[in-house]
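The values are calculated or read from the model by the stated rules, or taken from the named source; none is laboratory data. Owing to the predicted nature of the structure, the values given are computational and were not obtained by experimental measurement. Note that each Cβ is placed from the backbone with ideal geometry, even for glycine, and that neighbours are counted across all protein chains shown.
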Amino acid sequence: MAEQSVTNFLKRYVIKIIRSPISRLLLQTSLKWQRDNCMDMGAALAYYALFSLVPTILVILSIFGFLVGPNTYIYNQIFIISREILPPEASHIVMEVLVQLSQDRVGVGVVGFILLLIAASSFFAALDRTFDIIWETAKRSATDSGINEIAIAFIKRKIFSFVLVLGAGGLLVISLLSNIIIRIILRLIKEFSDQLNIVEIDIFTTLQLLQLISSFLILTLVLMVLFKALPSVRVTWGDVLLGSIITATLFMMLQNLVSRSVISFGSQFNSYGVVGGVMVLMVWIYLTSQIFFWGGAFTYVYTKMFGSRRTLPGRSL
């Protein structure tokens with residue numbers, strides 16, 4: 001009798017959890033992510049991202065100009081960031097590219113600017129198509145639009161793609177400046193505490209914690225902008241806030257697992273030589289794109305269930 005009571009209690013408890021709004025939200029998000037074939041779209045995005053990576057680096061370096069050189073703080077910070085974010089094999093490729101690009105920054109900057117217009121357009125066009133599928137919106141066909149409308153839409157998408165890439169460079173600058181400011185503040189606090197014999201501060205641990213918080217906030221802000229700008233429908237900031245926080249958390253968890261060698265990519269591709277590094281980079285982009293698409297699906301489901309579009313008639317989840 002007691003065992004039967006415990007079993008019934010557990011059943012009711014499990015059913016209650018399954019029927020809870022949070023469980024329904026996560027379940028519908030996963031079903032939505034699977035139903036929209038995000039895994040296939042992630043493979044296409046990894047292909048476009050690989051070809052747009054080098055032009056993006058070229059333009060960012062040309063914007064930095066002569067400040068970015070082999071002996072500058074910014075240049076060294078790019079190395080550090082690439083080592084923290086990417087797997088070792090992929091970061092090695094980025095470092096080699098940076099070393100060669102630093103020798104002729106002006107020339108490659110012009111070439112990179114031209115290549116960026118082509119590569120970035122393909123990359124963000126793939127993103128745009130993916131979010132049209134996630135948000136179940138259809139673009140107007142060319143036969144339904146005039147030549148002027150098609151030309152204006154084309155120019156808008158090109159400008160939007162280019163601005164997003166330049167925004168990546170701006171965020172890199174913001175991240176570097178935030179690290180510099182944090183270091184300066186911590187040094188001042190340490191000197192002040194040493195003079196007044198206050199409790200000692202572990203600079204290294206505190207610096208790591210503050211850098212982690214600043215990186216999380218910047219990443220969350222970037223995701224909020226993307227989740228709001230990419231859909232072709234109107235989305236409020238409240239609709240994308242929770243999804244951006246969860247997606248940023250998943251990104252940082254993946255980064256932490258890779259940095260601690262919990263997830264290892266390099267050993268599977270060692271036999272491929274130099275090509276193996278490129279394959280590792282594509283796998284990394286693929287995994288991050290899956291997290292990004294899951295976050296987009298979460299934002300869609302959240303908006304339909306709890307957000308600004310919950311009262312609007314539409315398709316069922």
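Values for this structure:
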read-out	value
Among residues of region 226-258, those that are modelled with pLDDT of 90 or more, over 22 Å from Leu212 (Cβ atoms) and among the polar types (S, T, N, Q), counted	1
Tally of residues being in a loop (DSSP other than H, G, I, E, B) and hydrophobic (A, V, I, L, M, F, W, C) across region 215-238	3
Pair list, Cβ under 8 Å, 6 or more apart: region 287-305 residue more than 17 Å from Ile22 (Cα to Cα), other residue of a type outside the set (S, T, N, Q) and not in a helix (DSSP H, G or I)	Phe293/Asp36
From Arg315, Arg309, residue being of a type in the set (Lys, Arg) and either at pLDDT below 60 or under 20 Å from the mean Cα position of the chain (by Cα) (or both)	Arg315
